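Written out below as structure tokens is the structure these notes cover.
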Amino acid sequence: MHKILIVDDDPLIRLLLEEILSDVRVRNIRIFSADNGHTAAEIIQREAPEIVFLDVMLPGINGFEVCNMIKNTLKMNNIYIIMLTAKGQELDKQKAKDSGADFYITKPFTIQDVIRKVKEVLGPDS
Amino acid sequence: MSKLFKKTLLIIIILFAIIALTTAISTGWNLYRDLTEEYKSKGTAIAKSIASSSVETLLNREASTVQAMIDQFTEIMGVSYVFVVDVQGEIISHTFVPMIPEEIQVIKNDKTRTIKDIHIKGMGDFIDIASPIVEGTVGVVHVGMDKGTIFSQLRAGMIRQLSLLSVIFIISVAFAYIFVNKISQPLNTLTDYSKKLASHDFAATVDIQSQDEIGLLADTMKSMAMDLSEVFERYELAMKDAIVELQDTLSYITAVIDNMADGLLVTDIDGIINHVNPALSIMFNITEAEMIGKHCKDLFGNELAEIVEKSRRSPDEAFTTEIKLAEGKVGQAVATGIHKDSLETDDFHGKGIGSVILIRDITSEKEIGQMKTDFISTVSHELRTPLTSVLGFTEIIERRLEENIFPLIQQTGQIVDTTIERIRNNIKIILSEGERLTALINDVLDVSKLEAGKVEWKIENISIAELIEHARFATSALFEQKKLEFKKDVEPNLPVISGDRDRLIQVFINLLSNAVKFTEKGYVLCRVKRGDDEIVVSISDTGSGISESNKKTVFEKFIQAGDTLTDKPRGTGLGLSICKQIVEYHGGTIWVESQAGQGSTFSFTLPLISRDLSKPFDILSISHLEKN
């Protein structure tokens, strides 16, 4: 069972990612979703998902802080974090790297960007 | 008593003293000699006459007769005594009263003719003249002439002469006084006159009518005074004009300075504030009186003191810094040195005498800049999120239609096939337009970052050939789509250049994709040559070309070749503007050569000796501020 968490305050983006992932044809994927940083933190600690799609602009605590918490405070280094942001600025890329994110996808992304990355992380058997 | 007269008097006194002395000596001597001679001859004559007339008397020894004769001779002036000595040496008669002095006894025996000076005690000095009677056979007559008479006569003569000289002296002095006064009076008048002239009293007059040198001097001074008065009048007028002009200029300048919206601060060479304007007082909420005479460092901090110091050392440069103003506002200070061109110093740049610092309140500009940045990132975020959904779901729809729906449609026919084809086309349009919108958002972000100077440039050594390979790879899909040929003509052994790799690749991609976009058939040629101190890159196509009127504006924002009303827009209109900014940042230039219908060539240069790129943000932010 692969667990993937989608964190975005926009329900349509969550829906889009869920639909893309449902089309990946990977067996045994369980998708969790959260619309804010606090909920995301709770789910991460409870479920320990393999992949987290993490939006930067979140109500409450932002994506960088969530990422920082997972990697540096909780030391959950097995979690693969893909930051999602609308900003294509170098500063945000650097911030994502500093907070410990594994990958960075800028909006708008294509289906192929997402599928390729998920397959890469989950391994060839999926 | 005038000095001139004093001097004259001194000269007269000395002159008279010399005259009096010499005349007194010479006349005294002459008089003495003459009188002595006269007395001698007189005495001799008397003695001879007594001798000759007394021979008989003596022979007869009639002493009383002789006595009577000699007595009358004593009446003659100068004759003091007479005595007769007989052959035995006895004084037989004499005129001595009451008795014969001893000195006479000594000389009575002289029987020869002699003249000698004798002194008789109690009676004085005498000239004794002895005259023998009949060769001394009878006796000798002695006549004594009184020398005292000679001296008294001499004294009287001298007194007369000196009195005369004194009178002449007094008269001379009187004359000298009058004469000297006559000279010194006009001289004094002239002195007073020249003193008045010296104190610029040109209305003063002088009344000297004499025809001599003094008159000439007076005339010269009068004409000089007139000339001076004229010159002074002219200068005074010129000066008044200059003062009025200066006052006007000063009023203008003061008005300009006082009404400037920017704060003005002037410091001397040591950084001491010596002038401020009201705007500055308001900016810092410090009164003018509190600022004058203080050091700028004490009032405005190290940053300002630093640029003041720099401006003093570099006359041709302006230095800027941000400075905190009162009420949490932010100002930008620009310091420029005040340099005086001086011949006295060898310094090529002249002598620094202080600095002028202009302070502008850039709070609102900064706020606007921040608002602009925030706005753009917000808008781009707000646009990208729905765009992500639109593109994502469209892709999902396309995929599901292709994979799940279209294969299931069993019914065949013209209408169904056409509909399916139209749906495919429609979805492609949605996707390509969505991508165009994404590109537009990216370009807008790029332009705003470039203009705000917020691009972080990563300057490194790069090879042009490698850049071309990257760009060629990125645009290969476009070339395949249009079936266009990519040709390149790159000079071998090109030197490396320093620049931002990603940004320069962006330029190549932009120019290559533009070339493809506007070319329907033929090829795109990328040529790289080495110039004198630069590398020249040109990208030519065989496309539609650009009309003369469009050539001027292609590098401007939101301008595209062709008419957007009739032609289908095929880009964002920002690409060339971005290219221009990137190339110019690297110190190069970009231009286009084209003729409508005959293709276009876009060229740009990259300098081999790159300019100092170490402080790009200052330059960009200043130019940005100047634009505003």
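Check whether at least one residue in region A:80-88 is more than 18 Å from A:ASP113 (Cα to Cα) and of a type outside the set (Gly, Ala, Ser), and report yes or no.
no
Looking at region B:122-134, which of its residues are more than 18 Å from B:TYR39 (Cβ to Cβ) and part of a strand (DSSP E or B)?
Scanning region B:122-134 gives B:PRO132, B:ILE133.
Are any residues in region B:278-314 among the hydroxyl-bearing types (Ser, Thr, Tyr), buried (at least 16 other Cβ atoms within 10 Å of the Cβ) and over 23 Å from B:ASN259 (Cα atoms), and if so, which ones?
B:SER311
Take the conditions under 30 Å from B:THR22 (Cα atoms) and either modelled with pLDDT under 85 or not in a helix (DSSP H, G or I) (or both) and apply them to B:THR137. Does it pass?
For B:THR137, the condition - under 30 Å from B:THR22 (Cα atoms) and either modelled with pLDDT under 85 or not in a helix (DSSP H, G or I) (or both) - is not met.
Test B:GLU451 against the criterion of being within 21 Å of B:LEU574 (Cβ to Cβ) and in contact with an Asp or Glu (Cβ under 9 Å, 6 or more places away or on another chain), and give yes or no.
Spelling it out, it is not the case that B:GLU451 is within 21 Å of B:LEU574 (Cβ to Cβ) and in contact with an Asp or Glu (Cβ under 9 Å, 6 or more places away or on another chain).
Give region B:453-472 a look and list any residue that's more than 12 Å from every other protein chain (Cβ to nearest Cβ) and either farther than 24 Å from B:SER498 by Cβ or touching a residue at least 60 places away in the same chain (Cβ under 8 Å) (or both), or say none.
If the condition is that a residue be more than 12 Å from every other protein chain (Cβ to nearest Cβ) and either farther than 24 Å from B:SER498 by Cβ or touching a residue at least 60 places away in the same chain (Cβ under 8 Å) (or both), then B:GLY453, B:ILE459, B:ILE464, B:ALA465, B:ILE468 are the ones that fit.
Out of region B:196-217, which residues are assigned to a helix (DSSP H, G or I), over 37 Å from the mean Cα position of the chain (by Cα) and over 17 Å from B:ASN181 (Cβ atoms)?
B:LEU216, B:LEU217 - these are the residues of region B:196-217 that are assigned to a helix (DSSP H, G or I), over 37 Å from the mean Cα position of the chain (by Cα) and over 17 Å from B:ASN181 (Cβ atoms).
Where in region A:1-101 are there helices (runs of 4 or more DSSP H), lying wholly inside it, with at least 1 residues that are surrounded by fewer than 19 Cβ atoms within 10 Å (Cβ to Cβ) and within 13 Å of chain B (Cβ to nearest Cβ)?
A:11-22, A:90-99
Given (1) assigned to a helix (DSSP H, G or I); (2) at pLDDT 90 or above; (3) not basic (Lys, Arg), where does B:GLU626 come up short, assuming only one miss?
(2)
Would you mind stating whether B:GLY352 is touching a Pro at 6+ places or on another chain (Cβ under 9 Å), more than 30 Å from B:VAL447 (Cα to Cα) and not hydroxyl-bearing (Ser, Thr, Tyr)?
Yes, satisfied.
One line per residue, one yes/no per condition, for (1) in contact with a Cys (Cβ under 9 Å, 6 or more places away or on another chain); (2) of a type in the set (Asp, Glu); (3) surrounded by fewer than 13 Cβ atoms within 10 Å (Cβ to Cβ); (4) in a helix (DSSP H, G or I):
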{"position": "B:ILE159", "(1), (2), (3), (4)": "no, no, yes, yes"}
{"position": "B:SER163", "(1), (2), (3), (4)": "no, no, yes, yes"}
{"position": "B:ALA174", "(1), (2), (3), (4)": "no, no, yes, yes"}
{"position": "B:TYR177", "(1), (2), (3), (4)": "no, no, no, yes"}
{"position": "B:VAL180", "(1), (2), (3), (4)": "no, no, no, yes"}
{"position": "B:GLN185", "(1), (2), (3), (4)": "no, no, no, yes"}
{"position": "B:THR189", "(1), (2), (3), (4)": "no, no, no, yes"}
{"position": "B:ASP192", "(1), (2), (3), (4)": "no, yes, yes, yes"}
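The values are calculated or read from the model by the stated rules, or taken from the named source; none is laboratory data. Quick caveat: nothing in here was measured; it's all calculated off a predicted structure. Heads up, the Cβs are rebuilt from the backbone with ideal geometry, glycines too, and the neighbour counts pull from every protein chain shown.
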